[in-house]
1. Considering only residues that are part of a loop (DSSP other than H, G, I, E, B) and under 20 Å from the mean Cα position of the chain (by Cα), look in region 151-174 and name the one that is modelled with the highest pLDDT.
2. Being assigned to a loop (DSSP other than H, G, I, E, B) and hydrophobic (A, V, I, L, M, F, W, C) is the filter here, so list the residues in region 265-318 that pass it.
3. Looking at Asp267, Asp253, can you tell me which residue is in contact with a Pro (Cβ under 8 Å, 6 or more places away or on another chain), crowded, with 22+ Cβ neighbours inside 10 Å, in the same structural domain as Leu374 (by TED's automatic domain parsing) and on the phi < 0 side of the Ramachandran plot?
4. Can you tell me which of (1) crowded, with 18+ Cβ neighbours inside 10 Å; (2) part of a helix (DSSP H, G or I); (3) small (Gly, Ala, Ser); (4) modelled with pLDDT of 50 or more is the one Ser59 doesn't meet?
5. Which ones in region 215-238 are over 21 Å from Ala347 (Cβ atoms) and surrounded by 18 or more Cβ atoms within 10 Å (Cβ to Cβ)?
6. Checking the condition modelled with pLDDT of 95 or more and within 30 Å of Ile54 (Cβ to Cβ), which residue from Asp363, Asp395, Asp379 passes?
7. Taking region 125-145, which residues are closer than 19 Å to Leu175 by Cβ and either surrounded by fewer than 24 Cβ atoms within 10 Å (Cβ to Cβ) or not assigned by TED's automatic domain parsing to the domain that holds Thr185 (or both)?
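The values are calculated or read from the model by the stated rules, or taken from the named source; none is laboratory data. These numbers come from a predicted model, not from an experiment. So basically every Cβ, Gly included, is an ideal-geometry build from the backbone, and we count neighbours across all protein chains shown.
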Amino acid sequence: MKCDKVGAAGVDSGVLRVDESSRTGGPSDGTVVPGHAAESSRNDMRRTGGGITILHTESSLGWGGQEIRILTEAEGMQRLGHRVVVAAPARGRLFAAARDRGLETVPVEMGGIVSGIRSLAAVLRTYAPAVINTHSSRDSWVASLAVRLTARNAVLVRTRHLSTPIARTFVTRFLYDVLPDAIVTTGEAIRTAMVRRHGFNPGKIVSIPTGIDTDVFSRKGGHTSIRAELGLPDDAPLVGIVAVLRGWKGHEDFVEAARLVRQSVPDARFLIVGDGPYRSRVEAAIVGKGLTDHIIMTGHRDDVAAVLRSLDVFVLSSFGHEGVPQAVLQALAMEVPVVASDVGGVAEAVRDGETGWLVPPRDPVAMASRITVLLSQPDLRRVMGKKGRELVEQDFRLDRMLDSTLALYDRLIQKRLPAHRGGR
């Protein structure tokens, strides 16, 4: 479970605890506008020497939307001609995935403060990155201190992926307001909360939504339905969720909603795709409600586009901590309407009544009602699916995320010139 970001009460305390081993600015309004300015920034970087060196740090050992975004962004930057290095624990899944994708990787253990700073300082001296981008609480502390002690001319960016509450302490203010040059949030709702609820410097916080590869996640991408593999009829109504099995993802609410849906749509089937520490609890809920013949738990799958291609309705049942979930964006890109809990930044992608429906968190009755309506109205599913695809193509494309990120990096690097003119 990813715990170094969220404490026992679901709060990011900003405190680096030695025994933790895994995790559960721009314009004044914080918006980076892609397009001509971002393209100019990308060209400027290339003119200065063929690209920059970007170091991503991540202390998480697990796998989820956060790690997927890091990997996707790193691969995208590498394709654009930049050198990207991923520093993470060798036993973590991100490290293995980055290595398997051909990215440069450096094993760094961050369990101890002093040893972690020493290890990352050595990485900084070896690679001399122009930008260091941190992601979880632990690596943000360790990397930030290493940067400020040994690589003062480098740009330091913290990406905040989730909407977990942040403790109101001097320590967290130091972590967010003082150490980084900028904070990137994965949705406007997270940025707004940081500014309005916590009083962080709005000039430092930039919302850059996660980008989806609309060529990969497309109904025209040649993906084969997995229904035959799972022994499901082509005409069976199929509802699914793709998420790590952890507490706040609300899988037990999804199971209860499935029970309720079957009262109106008895031939409906349900998929739970993913794995995680709550697997046994979800399995027990399925057995307890007598749904073992109607809900299939597939475990982790890499062919997410094929999974989504098979669904009639996608569900997000989380009751907290979400940013703008990648799985939701992927479903919309695949023209699958979404029924989702109205938490975090979900409403930025699920436009209620247009690309899907929002329901209150922890309300399986409302969830089941909306799922039932969609299963009974194929024309409505098609209309919502088309609108979802249009929204992703307009606001959540991968190239848009990369351009916006490069525009931010370039602006921050320009602030530190002439120090960086000596080399990157």
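1. Looking at residues that are part of a loop (DSSP other than H, G, I, E, B) and under 20 Å from the mean Cα position of the chain (by Cα), I get His161.
2. Across region 265-318, the qualifying residues are Val265, Ala268, Leu291, Leu311.
3. Details: Asp267 fails: crowded, with 22+ Cβ neighbours inside 10 Å.
One residue alone meets the criteria, Asp253.
4. (2)
5. Across region 215-238, the qualifying residues are Ser218, His223, Ile226, Arg227, Pro237, Leu238.
6. Asp395
7. Across region 125-145, the qualifying residues are Ser144, Leu145.
For (1) of a type in the set (Gly, Ala, Ser); (2) within 21 Å of the chain's Cα centre (by Cα); (3) surrounded by fewer than 24 Cβ atoms within 10 Å (Cβ to Cβ), each residue gets a yes or a no:
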{"position": "Phe314", "(1), (2), (3)": "no, yes, no"}
{"position": "Gly345", "(1), (2), (3)": "yes, yes, no"}
{"position": "Arg370", "(1), (2), (3)": "no, no, yes"}
{"position": "Val383", "(1), (2), (3)": "no, no, yes"}
{"position": "Lys387", "(1), (2), (3)": "no, no, yes"}
{"position": "Asp395", "(1), (2), (3)": "no, yes, yes"}
{"position": "Leu398", "(1), (2), (3)": "no, yes, yes"}
{"position": "Leu402", "(1), (2), (3)": "no, yes, yes"}
{"position": "Leu406", "(1), (2), (3)": "no, yes, no"}
